[in-house]
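Trainee: Have a look at this one.
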Amino acid sequence: AQRWLTEEAQKQQNIEDITRKALPNIADNARPENMEKDWITNFFDKGRLVSDQEMQDLWSRILAGEANRPGSCSRRTVNLLSSMDKRDAELFKTFCAFVWDLGGLMPLILDVQASIYNDVGINFNSLQHLELVGLIKFDNLAGYQRLGLPQEPIIGYYSKPYRLKLPLAEKNSLPIGKALLTTPGMELALVAGSSPNLTYRDYVFEQWKAYNPAPAE
């Protein structure tokens, strides 16, 4: 009985810690009363088992994001997050430094063997692992393309806009590398806590020099 009480007290403490950490990130105009009760119940049912501080930080950002914009994080994503360990979360955080906005969040893993990725642990094996976890789709052979782009699309890297110049007046295709985010991956990428890598940004621009990348005015 004493052990059960101790475990339940720890679970309650985990819930309180996650909630406390979420509060500073909740916007003044947030409407947490619009959050679905079933979502909240499921979130805390899973989150009460999370005692690691860094993982609690991630869970708190999910909670704050949902309070700020109800419906931004699905129950499926919460359930996937509950199955991830700290190493998975750290690997995905590293991966998210390679995510751009091309009309939606998209990772640009242009060459799986390039040192810009391998030096931080993003390689064939780790990409396969992220696919197994359910965060990305990985195709090292054919890769993926962004279709239907205008001649001068605007792309973003950590809120900084850049302009490309593609060859056709419309309906251009753009190779975007070997990986795509799944829907849960997109939702978690928004709160993963990653930071921009300007050396990597310049690497992408060098690979895309035929498209004349430049800051958008």
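Trainee: Give, as a single signed number, the net charge of other residues whose beta carbon lies under 15 Å from the beta carbon of GLU170, with Lys and Arg counted +1 and Asp and Glu -1.
Mentor: Values: positive: ARG146, LYS165, LYS171; negative: GLU152.
Neighbour charge sum, excluding GLU170 itself: +2.
Trainee: Run through the DSSP bridge list for the chain and note the antiparallel percent, rounded to the nearest 5. Please list the in-between numbers first.
Mentor: Values: 17 of 18 bridges.
Counting only bridges with both partners in the chain, antiparallel ones make up about 95 percent.
Trainee: Given a 1.4 Å probe and heavy atoms of the protein chains only, how would you sort ARG76, ARG20, largest accessible area at the top?
Mentor: Numbers: ARG76 160, ARG20 130 Å².
Greatest to least solvent exposure: ARG76, ARG20.
Trainee: Give me the dipole magnitude in Debye, nearest 20, for the chain about the Cα centre, with unit charges on the beta carbon: positive for Lys and Arg, negative for Asp and Glu. Mind showing how you got there, number by number?
Mentor: On the way: 24 positive and 27 negative charges, 58 e Å.
For this selection, approximately 280 debye.
Trainee: Can you work out the accessible area per residue across the chain, with the rest of the protein chains kept in place, probe 1.4 Å, in square angstrom? Show your work: numbers first, answer last.
Mentor: On the way: 12140 Å² over 217 residues.
I get 56 Å² per residue for this part.
Trainee: For a quick check of understanding: with a 1.4 angstrom probe and all protein chains in place, what accessible area in square angstrom does LEU49 have, to the nearest ten?
Mentor: 110 Å²
Trainee: On to the next question. Please work out the Kirkwood hydrodynamic radius for region 1-51, using every pair of different C-alpha atoms, and report it in angstroms with one decimal place. Can you show the working numbers first?
Mentor: Working: mean 1/r = 0.0812 Å⁻¹.
When all Cα pairs of region 1-51 are included, the Kirkwood radius is 12.3 Å.
Trainee: Run the accessible area of region 33-130 with a 1.4 Å probe and give the carbon-and-sulfur part as a rounded percent. List each step's numbers first, then the result.
Mentor: Values: 2150 of 4660 Å².
Of all accessible area on region 33-130, carbon and sulfur atoms account for 46 percent.
Trainee: Against the 2.2 N^0.38 Å scaling, with N counting residues, where does region 38-187 land? I'd like the Cα-based Rg ratio to two decimal places.
Mentor: Numbers: Rg = 17.0 Å, N = 150, 2.2 N^0.38 = 14.8 Å.
That works out to 1.15 for region 38-187.
Trainee: Would you check the accessible area of ARG31, probe 1.4 Å, heavy atoms only, in square angstrom rounded to 10?
Mentor: 130 Å²
Trainee: Separate question: According to the Cα gyration tensor, what semi-axes, each the square root of 5 times an eigenvalue, does the equivalent ellipsoid of region 148-217 have, listed from largest to smallest in whole Å? Before the final figure, lay out each step's value.
Mentor: Details: eigenvalues 103, 50, 27 Å².
In descending order, the three semi-axes are 23, 16, 12 Å.
Trainee: Nearest 5 percent is fine: what portion of the DSSP beta bridges confined to region 99-217 is antiparallel?
Mentor: Numbers: 17 of 18 bridges.
So the antiparallel bridges amount to about 95 percent of the total.
The values are calculated or read from the model by the stated rules, or taken from the named source; none is laboratory data. Because the structure is a prediction, the values reported are computed rather than measured. Heads up, the Cβs are rebuilt from the backbone with ideal geometry, glycines too, and the neighbour counts pull from every protein chain shown. SASA here: full protein model, heavy atoms, side chains in, ligands and nucleic acids out. Shrake-Rupley method; radii C 1.70, N 1.55, O 1.52, S 1.80 Å.
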